[in-house]
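The values are calculated or read from the model by the stated rules, or taken from the named source; none is laboratory data. Here the structure is a predicted model, which means the values were calculated and not measured. Neighbour counts are summed over all protein chains in view; Cβ atoms, including those assigned to glycine, are modelled from backbone coordinates with ideal geometry. Ligands, DNA and RNA are excluded from the accessible area calculation, which covers all protein heavy atoms including side chains. Shrake-Rupley method; radii C 1.70, N 1.55, O 1.52, S 1.80 Å.
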Amino acid sequence: MKQRYIFFIILSLLITAHLFANSFKAKNSSSSIKAYKVSSEVFIDGSLTESIWSKVPVRDFTQRDPDEGNPATERTEVWVAYDETNIYVAARLYDSNPSTIDASLARRDSWIDSDWFFFYVDPFFDKKTGYFFGVNPGGSLTDGVYFNDSWNDDSWDGIWQSAAKIDENGWTVELKIPFSQLRFSEAKEMKWGVNFRRDIKRNNEKSYFVMVPKDESGFVSHFATLEGINGVEPKQRLEILPYVVQRAQYLRHDESDPFYKGNQYRTTLGADMKIGLGSNLNLDATFNPDFGQVEVDPAVINLTAFETFFPEKRPFFIEGSNLFYFGIGGSNNNWGFNFGNPELFYSRRIGRSPQGYVNENGYVDYPNETRILGAAKLTGKLNESWSIGAVSAVTERTYARINNAGNVVSREIEPLTHYGVLRTKKEFNSGKQGIGLMVTGVTRDLSNQNLNSLITQHAYVAGIDGWTFLDDEEMYVINYYVAGSYSKGSKESIQRLQKQPYRYYQRPDASFAVYDTNRTSLSGLYSRVMFNKQKGNFYINSALGMVTPGFENNDLGYQWMADRINAHTVLGYRFYEQDNIFRRKYFYVAHARSINFEGKTTQNFIWFRNTLEFLNYYGIDIGGNYVFEVYSPTWTRGGPMLIKPAEWSIWASAMSDTREKIIGGVYGTYARDEIQGVFYNAGFDIEWKPNTQLTVSIGPEYTKNDEKRQWVGSFTDPFAAKTYGSRYVFGRILRETVSGNIRVNWTFTPELSLQLYLQPLFAVGHYNDFKELGEAGTKHFNDYGDNVSYDESNDTYSVDPDGSGPAQAFSFGNPDFNFKSLRANLILRWEVMPGSVFYFAWTHDQTNFDDPGSLAINRDLRNLWNAEADDVLLVKFSYWLDM
């Protein structure tokens with residue numbers, strides 16, 4: 001019934017939505033631009049003195065903002081040229097008031113509001129992928145890649161040169177981009193896609209040569225055609241990036257620890273290598289890689305049973321990472337609503353913290369990460385419609401050392417492991433259809449019995465994804481995917497997988513997927529079909545997906561759910577045209593529902609969001625939802641299901657014009673459930689730009705949560721018949737969190753910058769009003785009342801659950817907490833020459849746990865300030881060799 005319901009909604013709304021459809025071709029998208037062959041050297045100095053820049057330029061830019069469709073307010077002229085090894089772009093950006101040109105400085109890829117010039121290019125001419133290169137009048141740079149027609153990723157860092165100058169007529173810019181930095185299919189006569197953009201900060205103006213209106217879809221697919229690049233035969237690409245790292249660690253430690261001094265100072269040498277396989281493929285290899293992070297992860301207090309997700313920050317894995325996204329092709333929106341696309345490749349699994357443990361007493365030298373012996377990556381395209389990506393990495397067998405009274409032993413805590421990923425995608429019919437394949441595999445040498453009982457020996461995942469547009473105008477699209485997993489290991493390792501918090505096979509009331517102690521493998525499926533309207537004012541998105549209880553991809557992916565059938569529908573209307581009050585207005589409503597494979601509803605809610613931007617570029621967001629009463633298979637952490645109370649929430653945020661010297665934003669949330677649980681938070685962000693080189697931002701936040709049913713623990717009791725022989729204990733938690741993010745960015749030159757990041761965090765939780773689930777599958781709880789006593793001497797609670805009844809008393813430790821943390825990161829970055837970078841980094845981590853259960857900022861600040869800290873100093877230099 002659910003599937004039929006969704007189908008008829010989609011069908012009726014398709015007919016309605018077609019009334020809003022229009023066939024549009026972006027201005028200048030059919031234009032051809034000629035690239036001129038240069039016969040003499042081009043000096044990249046921003047002066048435009050070379051004769052090649054006297055040729056006929058590209059003009060006729062059109063505003064997208066603020067007045068869509070109007071001619072640009074200032075004249076812009078652009079030229080494209082090339083020689084045997086480089087493509088050159090030059091622009092004369094006229095300005096009637098040159099003194100107002102904003103030339104603010106920023107570290108590479110750190111976006112800042114200023115005047116900008118962008119060059120976009122689609123070398124494969126596939127109308128789906130490309131590169132962008134941006135330069136501002138101060139010489140600040142940004143670059144990245146485009147994929148899926150309109151999505152971009154600035155993690156790619158090409159090696160190219162630019163220069164900009166401000167003069168009495170405006171400003172000028174020159175770019176020199178080696179062909180070796182671009183991927184394309186070689187031909188005697190090539191056609192590329194191309195576009196240009198100019199930003200004028202004081203007008204909040206963005207104008208393009210090919211302007212794609214806001215109610216249209218796509219970006220790369222509308223590019224103009226660049227012709228004239230003929231006879232180019234780029235040299236074989238071979239780049240080597242050797243590096244040296246010196247690290248000094250000053251950590252909290254026992255003065256008698258025999259391992260501390262040996263680990264305090266470390267020198268590391270290694271190299272990365274990039275080989276061009278023709279002009280369309282890259283092979284990256286790394287030897288003794290440095291995968292240490294320059295930036296620290298934020299501090300997090302996680303009271304759930306689920307793993308915290310941290311994004312990848314290591315350069316080797318970041319570049320080309322968009323090739324490994326799964327399930328997103330075709331559609332320009334992929335709404336989740338408690339059903340995200342599967343993260344089949346989570347690269348932080350490679351080099352992860354060891355998974356084994358140590359039982360012996362003594363001083364322990366336990367590595368924080370697993371050393372990567374070697375890794376290689378292949379990325380690129382076989383032709384303009386067929387992309388490929390592959391990763392292979394081997395991590396070493398890792399040991400912990402234990403020193404007990406001078407007797408040193410080693411224990412294996414991570415096995416020798418191979419990680420492999422293959423990704424390929426083929427497009428058809430000019431990108432109107434596409435199909436992809438992704439395979440991941442993890443193989444471990446589990447000769448150690450302890451590890452053999454903890455982790456699986458083999459873990460494989462394979463998936464197919466794709467899309468198809470339903471009409472010639474590419475107004476409507478359906479994308480889909482299906483993935484299967486297979487994990488094999490010892491009985492003990494599969495038992496551990498069955499007990500994962502997104503699965504909980506051990507639930508005593510489970511009827512579909514039941515815990516089996518004799519299993520040596522686990523398998524499952526993950527699939528979804530989504531419909532999306534790509535453009536126009538009226539909007540619809542709808543999806544139906546499922547993940548079976550046995551699907552498992554956490555060995556090389558990231559997984560947070562299983563056992564779910566989910567459907568949603570989103571309706572919206574977007575006013576892109578300004579009126580007397582607003583520049584634009586977006587309104588969305590949605591309904592989503594999830595059931596598990598036992599047929600129990602586990603999510604059911606309605607949701608709305610409104611986004612409004614005023615004529616003065618201030619804006620507000622307002623949203624909220626209502627969640628109906630549903631079953632929860634996870635609240636009892638492997639116990640029986642219970643009913644979660646209905647709840648509602650509303651949130652709002654407001655922001656100011658980002659062009660101002662002081663930028664502000666404020667936000668807040670309020671939520672309440674039917675048993676009087678309350679959550680609210682509020683915060684603000686302020687960014688101050690005192691000059692063109694310095695920005696200072698601060699973002700404090702306060703959160704308070706009065707949760708009536710926070711998990712405490714489970715305790716076996718044969719008299720707890722209504723809950724299958726165990727008591728599932730909860731408590732009321734009064735939780736307060738005060739945090740802040742402080743950043744200082746000081747850019748001396750586009751090549752030299754200093755960044756400071758500070759994150760103070762105070763998180764306090766106090767438990768009381770303990771209770772237990774009264775009956776499985778209900779929302780009934782039994783309050784313990786006076787049957788709970790607290791023993792201050794050993795900080796424990798004792799519970800006699802039935803008073804004078806036959807049940808035995810049990811006890812648990814005081815769950816109150818007071819976590820205080822200060823994390824800091826200072827980074828000096830100097831790009832000595834293109835591709836060669838010197839880093840100095842300092843990381844600081846300070847924590848304290850005194851006075852659990854109560855928040856007193858002055859006292860807690862003193863305790864944190866007096867706490868011991870971990871400090872790490874790091875110097876790194878990498879030198880780019882273009883062979």
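Here are a few things to note about the model shown:
- Axis angle, to the nearest 10 degrees, between helix 2-18 and the longest C-alpha principal axis of the chain: 20 degrees.
- The antiparallel fraction among DSSP beta bridges confined to the chain stands at about 100%.
- Placing unit charges on the Cβ atoms of the charged side chains and taking the dipole of the chain about its Cα centre, the candidate lying farthest along the positive direction among Ala81, Gly623, Leu758 is Ala81.
- Computed from phi, the 3J(HN,Hα) profile of segment 799-810 under the Karplus parametrisation 6.51, -1.76, 1.60 (θ = phi - 60°) reads 10, 10, x, 10, x, 7, x, x, 5, 6, 6, 9 Hz, with x in place of Gly and Pro.
- Stretchable slack from Gln676 to Arg859, in nm (0.36 nm times residue separation minus alpha-carbon distance): 62.8 nm
- Note on Glu189 and Gln236: the extension gain reaches 15.0 nm, defined as 0.36 nm multiplied by sequence separation minus the Cα-Cα distance.
- Applied to segment 214-231, the Karplus parametrisation 6.51 cos²θ - 1.76 cosθ + 1.60 on θ = phi - 60° returns per-residue 3J(HN,Hα) values of 5, 8, 8, 10, x, 8, 4, 5, 9, 4, 6, 9, 9, 10, x, 7, 10, x Hz, with x for Gly and Pro.
- Alpha carbon convex hull of segment 481-537, volume per residue in cubic angstrom: 126 Å³
- The chain - percent of accessible surface contributed by carbon and sulfur, probe 1.4 Å: 54 percent
- Most positive-pole-ward Cα, Val788, Ile733, Leu93, against dipole of the chain from beta carbon charges: Leu93
- Spacing of the two label points (7 Å from each Cα toward its C-beta) at Gln264 and Leu615, in nm: 6.7 nm
- Answer label for Cα Rg over 2.2 N^0.38 Å (calculated), chosen among (1) 1.02; (2) 1.11; (3) 1.27: (1)
- Anchor Lys585: lysines whose Cα lies under 22 Å away (excluding residues fewer than 8 positions away in-chain): Lys206, Lys214, Lys533, Lys535
- Leu828 paired with Thr468, simple spin-label distance in nm, labels 7 Å along Cα-to-beta-carbon: 6.0 nm
- Across segment 146-151, rounded Karplus estimates of 3J(HN,Hα) from the backbone phi angles (6.51 cos²θ - 1.76 cosθ + 1.60, θ = phi - 60°) give 10, 8, 6, 6, 9, 9 Hz, Gly and Pro being marked x.
- Backbone N under 14 Å from the Phe719 label point (7 Å along Cα→Cβ), restricted to segment 781-796: 787-788
- Figure legend: label point modelled 7 angstrom from the Cα of Ala248 along Cα→Cβ; residues of segment 865-881 with amide N under 11 Å from it are 872-875.
- Partner lysines for Lys261 [C-alpha distance under 27 Å; skip if fewer than 8 residues away on the same chain]: Lys876
- Model label points for Asp802 and Gln693, set 7 angstrom from Cα along the Cα-to-Cβ axis, are 7.7 nm apart.
- FRET efficiency estimate (nearest 0.05) - Cβ-Cβ, Lys704 to Arg59, R0 60 angstrom: 0.55
- Cross-link check: pairs Lys128/Lys377; Lys127/Lys165; Lys499/Lys704 evaluated at a Cα-Cα cut-off of 27 Å; pairs beyond the cut-off: Lys127/Lys165; Lys499/Lys704.
- Three-way shape call for segment 192-283 based on the alpha-carbon gyration tensor, with the a/c threshold at 1.5: oblate
- Probe 1.4 Å, protein heavy atoms only - accessible area per residue of the chain in square angstrom: 43 Å²
- Tyr515-Arg659 FRET efficiency (beta carbon distance; Förster radius 45 Å; 0.05 resolution): 0.15
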